[in-house]
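Down below is the structure, laid out as structure tokens.
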Amino acid sequence: MANFNLTPRQITDMADVLRWHTRRPPRSQSVAEHSHQVALLAYYIAPDGLSDMDRLTVLELALVHDAHETMFGDIPTPAQRILAEDGLDIDAHCRDRFWSLNSPYDHAPAHVRNIVEAADKLERALFSSRFLPEISDEICHEAIAFAQEHLNHAGFVRVLSALGVTN
């Protein structure tokens with residue numbers, strides 16, 4: 001199980017942090033909505049043989065994966081990419097500052113983190129395909145590439161299915 005301590009205020013603040021603020025989707029999306037969607041999608045793409053403990057950790061990690069954004073805001077993906085080219089994973093840095101030594105990412109196994117990250121990219125792809133079609137192709141390709149590299153075959157197929165991609 002993930003070990004995290006969020007205050008009730010931090011939990012409710014997730015509903016106030018907006019995503020997609022560098023774009024103008026026809027409707028807004030909060031970090032809380034996104035995290036809920038990521039949790040359900042992570043459960044959907046998780047392999048059938050995953051232990052109950054790992055399933056619970058997937059759900060917990062997915063629900064809090066962006067909790068640090070209550071302190072730092074949502075950092076746009078293009079900015080994250082540019083900083084990554086300079087060797088700085090700004091999202092990880094903010095997550096570490098927020099959680100201090102108790103980051104749930106540090107305590108979760110790599111395969112669990114991969115499921116949550118794949119679901120995060122999948123949720124982003126699904127939202128963009130509905131509300132930001134002008135950038136949807138790039139985001140969908142990113143989700144597919146990550147799933148292909150980091151998930152087992154069944155998880156990869158579930159990502160393709162969720163995106164409406166047929167073999």
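Any read-out appearing in this document is the output of simple, stated calculations on the displayed coordinates, not a laboratory observation. These numbers were taken from a predicted model, which means no experiment stands behind them. Backbone-built Cβ (ideal geometry, glycine too); neighbour counts: all protein chains shown.
If the requirement is being touching a Phe, Trp or Tyr at 6+ places or on another chain (Cβ under 9 Å), part of a helix (DSSP H, G or I) and over 14 Å from residue 124 (Cα atoms), which of these qualifies: 95, 9?
None of the others qualify; the one that does is 95.
Being of a type in the set (D, E, K, R) and crowded, with 19+ Cβ neighbours inside 10 Å is the filter here; which residues of segment 93-102 pass it?
95
Among 112, 116, which is out of contact with any His (no Cβ under 9 Å at 6 or more places or on another chain), crowded, with 18+ Cβ neighbours inside 10 Å, under 27 Å from residue 15 (Cβ atoms) and touching a residue at least 12 places away in the same chain (Cβ under 8 Å)?
Exactly one residue qualifies, and that residue is 112.
For segment 60-92, which positions are hydrophobic (A, V, I, L, M, F, W, C), surrounded by fewer than 19 Cβ atoms within 10 Å (Cβ to Cβ) and either touching a residue at least 40 places away in the same chain (Cβ under 8 Å) or part of a helix (DSSP H, G or I) (or both)?
71, 72, 79, 82, 83, 84, 90, 92
Are any of the residues in segment 23-35 assigned to a helix (DSSP H, G or I) and farther than 30 Å from residue 152 by Cα?
Within segment 23-35, none of the residues are assigned to a helix (DSSP H, G or I) and farther than 30 Å from residue 152 by Cα.
Can you name every residue in segment 36-59 that is surrounded by fewer than 22 Cβ atoms within 10 Å (Cβ to Cβ) and part of a helix (DSSP H, G or I)?
Selection gives 36, 37, 39, 40, 43, 44, 52, 53, 54, 55, 56, 59.
Identify, from the list 165, 159, the residue that is farther than 23 Å from residue 14 by Cα, in contact with a helix residue (DSSP H, G or I) (Cβ under 9 Å, 6 or more places away or on another chain) and not in a helix (DSSP H, G or I).
The conditions single out 165.
Can you name the residue in segment 57-86 that is aliphatic (A, V, I, L, M) and more than 16 Å from the chain's Cα centre (by Cα) and, of all such residues, is nearest to residue 18 (Cα to Cα)?
In this case the residue turns out to be 71.
Which of the numbered conditions does residue 41 fail, given that it passes all the others? Conditions: (1) more than 14 Å from the chain's Cα centre (by Cα); (2) within 15 Å of residue 127 (Cβ to Cβ).
All conditions pass for residue 41, except number (1).
If we keep just the residues of segment 22-35 that are surrounded by 12 or more Cβ atoms within 10 Å (Cβ to Cβ) and out of contact with any Ser or Thr (no Cβ under 9 Å at 6 or more places or on another chain), which is farthest from residue 150 (Cα to Cα)?
28
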